Amino acid sequence: MKSLFGSLSRERILTFIAAREQGYAREITEFWKCPDRPIKRELNRLESDGVLIASDLDFVVNYFWPGNDITIEQVMSALGFL
């Protein structure tokens, strides 16, 4: 899957969000037991690419899909694979 999504961090984020529909950086890093810097960097990239939407909740930034009916084709297109 890493080669499909471009990085291990991106794979972890998209898998987490796909399973839970939303998440924030610390929650994702605690789940995967990985460093936070690569996860935060990829979350910012995914937001700027329009793959995820960020919502500020006090001191936490929550990320989620831009719509309820997002497909894998839309994700792959936004990542530049289609």
Within the stretch 36-76, considering residues that are assigned to a helix (DSSP H, G or I), at pLDDT below 90 and crowded, with 16+ Cβ neighbours inside 10 Å, the one farthest from the chain's Cα centre (by Cα): Gln74
Out of all the residues in the stretch 15-26, which are in a helix (DSSP H, G or I) and crowded, with 16+ Cβ neighbours inside 10 Å? Phe16, Ile17, Ala25
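The values are calculated or read from the model by the stated rules, or taken from the named source; none is laboratory data. Predicted model only: the values in this text are computed from it and were never measured. Ideal geometry is used to build each Cβ from the backbone, glycine not excepted, and the neighbour counts take in all protein chains shown.
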